[in-house]
Amino acid sequence: MYDPKSLKADEFISDEEIRETLAYADAHRDDIELVDKIIEKAKLRKGLSHREASVLLACENEDKIKEMYDLAEQIKKDFYGNRIVIFAPLYLSNYCVNSCVYCPYHCKNKHIARKKLTQEEIKKEVIALQDMGHKRLAIESGEDPVNNPIEYILDSIKTIYSIKHKNGAIRRVNVNIAATTVENYRKLKEAGIGTYILFQETYHKKSYEQLHPAGPKHDYCYHTEAMDRAMEGGIDDVGLGVLFGLEMYRYEFAGLLMHAEHLEAVHGVGPHTISVPRLKRADDIDPDEFDNGISDETFAKICALIRIAVPYTGMIVSTRESQSVREKIIRLGVSQVSGGSRTSVGGYAQDERPHDTEQFDVSDQRTLDDVVKWLMEMGYIPSFCTACYREGRTGDRFMSLCKSGQIQNCCHPNALMTLKEYLMDYASEETKKVGEALIIKELENIPKEKVKQICIDNLKAIETGSRDFRF
Ligand code: SAM
């Protein structure tokens, strides 16, 4: 029944295959010879199958876990260097007709304030985000065909891209909205979105149906097959994720990798990103009422294994996680983080962090400037780069850039130039000082002399007012 090439959710995410995988992983968790073989294969940087990665996840041998972490760290360095891409979520509307039992936007929640931003309010949010220094957003919305139809989302994207305030600009809008039709995906593509992100929540069909008891999201197959429709609609970059805490993490991990294998098998390109959200406290949601919460240690292990199982896929961690957890998993493979986030509708334009429409509690509440400085002090380059999709490097073209090893001549200078823009326009004095020193040091890591010289010239031009250079 299991068929990664099938377009039917029940066949490419086969429950039977996941159960057999977990049984196989249990049977081999102490088989050090096999674990070593899998780690050796992972060192080739071509990824692992869901079965192989599941054996590593089941293995509890501390020495072997250390080897996995070291390898994840090395792969992260080889593929992503020390760049960390920065983004912020923008909540458009919390009207929702679904009944997700873990989300405070569920339609039965009568005490959460409902709010949908007007285009005028979106402008204010975007100006506030631009004034922080953001260039890349992920828009978020509840599912509600009357209040938040696709036309509303499309208008909002247009508004967001149109705002040029001071030196600010939002150059990439990623979209996290409910599963929809091929036609609507086509419209999103035409609107110029970056990645289409949709979290699976859980790959366990029965649990999925219980966790989404009513509303359009109840349909497991329609939801699980969404990425195929998105790709049929012309969207090259799709982002997967599960909400850890809802179901057994080992089941989700195998399902997630099977989904990635399916996209690769059918469309010739795997997911652009994988997000790793964990369930959080929210308005009428108590995470302790769910049985499958995972420890920080298990969470770190999952992140490390995602890194080595799908080396070409970016990994995103949000402000759901605390500073200390983020520190640990950034090292193990995360390539994108949010900063200065507010998860309420209209939250950025207000001075104080509002809670009345918030989707979940934010653990990392630092400002973007603090996050940028913190990353740099750990030796990372915060990158506001959005060049790839604007240069048409999406889907398999992005993957071939990764595979050709040219990233260091492309993403690295782009990261430095966009960081320079941030430092010039938005950074505090202290952050600027740290950043300028970092840029000088990191220029030396551009391999091609010619590229390095262009980058130096562009950095000078940024100082005198020019913006938006890219390779
Ligand atoms: N409404 C869209 C959908 O249904 O896919 C997407 C937008 S929703 C605002 C984004 C994501 O937030 C959901 O996919 C879910 O995984 C996550 N989420 C919901 N409730 C959460 C909670 N209590 N803690 C952490 N994440 C949560």
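The values are calculated or read from the model by the stated rules, or taken from the named source; none is laboratory data. What you are looking at is a predicted structure, and each value in this text was computed from that prediction instead of being measured. Note: ideal-geometry Cβ built from the backbone for every residue, glycine included; neighbour counts use all protein chains shown. Surface areas here come from the heavy atoms of the whole protein model, side chains and all, with no ligands, DNA or RNA. Shrake-Rupley method; radii C 1.70, N 1.55, O 1.52, S 1.80 Å.
Taking the criterion of being more than 14 Å from the ligand (Cβ to nearest atom) and of a type in the set (S, T, N, Q), the only residue of region 208-232 that qualifies is 210.
From the list 321, 289, the one residue that fits, being open to solvent by less than 20 Å² (accessible area, probe 1.4 Å) and either among the aromatic types (Phe, Trp, Tyr) or within 16 Å of the ligand (Cβ to nearest atom) (or both), is 321.
Checked against (1) open to solvent by less than 10 Å² (accessible area, probe 1.4 Å); (2) among the charged types (D, E, K, R); (3) not in a helix (DSSP H, G or I), residue 76 meets all criteria but (3). Of all residues in region 346-358, none are under 24 Å from residue 415 (Cα atoms) and not polar (S, T, N, Q). State whether the residues of region 300-313 include one that is surrounded by fewer than 22 Cβ atoms within 10 Å (Cβ to Cβ) and either within 16 Å of the ligand (Cβ to nearest atom) or over 23 Å from residue 403 (Cα atoms) (or both). Checked region 300-313: at least one residue is surrounded by fewer than 22 Cβ atoms within 10 Å (Cβ to Cβ) and either within 16 Å of the ligand (Cβ to nearest atom) or over 23 Å from residue 403 (Cα atoms) (or both).
For region 139-149, check the following and say yes or no: at least one residue is touching a Lys or Arg at 6+ places or on another chain (Cβ under 7 Å), more than 26 Å from residue 315 (Cβ to Cβ) and at pLDDT 95 or above.
Kept after step one, since they are touching a Lys or Arg at 6+ places or on another chain (Cβ under 7 Å), are these residues of region 139-149: 143, 147-148.
Checking the rest, the ones that are also more than 26 Å from residue 315 (Cβ to Cβ) come to 147-148.
So of that shortlist, the ones also at pLDDT 95 or above come out as 147-148.
Yes, some residue in region 139-149 is touching a Lys or Arg at 6+ places or on another chain (Cβ under 7 Å), more than 26 Å from residue 315 (Cβ to Cβ) and at pLDDT 95 or above.
Quickly run through region 226-267 and pick out the residues that are in a loop (DSSP other than H, G, I, E, B) and closer than 17 Å to residue 196 by Cβ. Within region 226-267, 233, 234, 235, 236, 237 qualify. Pairs linking a residue in region 200-216 that is of a type in the set (Lys, Arg) to a residue that is within 14 Å of the ligand (Cβ to nearest atom) and part of a helix (DSSP H, G or I), with Cβ atoms under 6 Å and 6 or more positions apart or on different chains, are 205/220.
In region 234-283, the qualifying residues are those that are more than 10 Å from the ligand (Cβ to nearest atom) and charged (D, E, K, R), and the one that is surrounded by the most Cβ atoms within 10 Å (Cβ to Cβ) is 252.
Listed here are the helices (runs of 4 or more DSSP H) enclosed by region 92-195 that have at least 1 residues being within 13 Å of the ligand (Cβ to nearest atom): 150-162.
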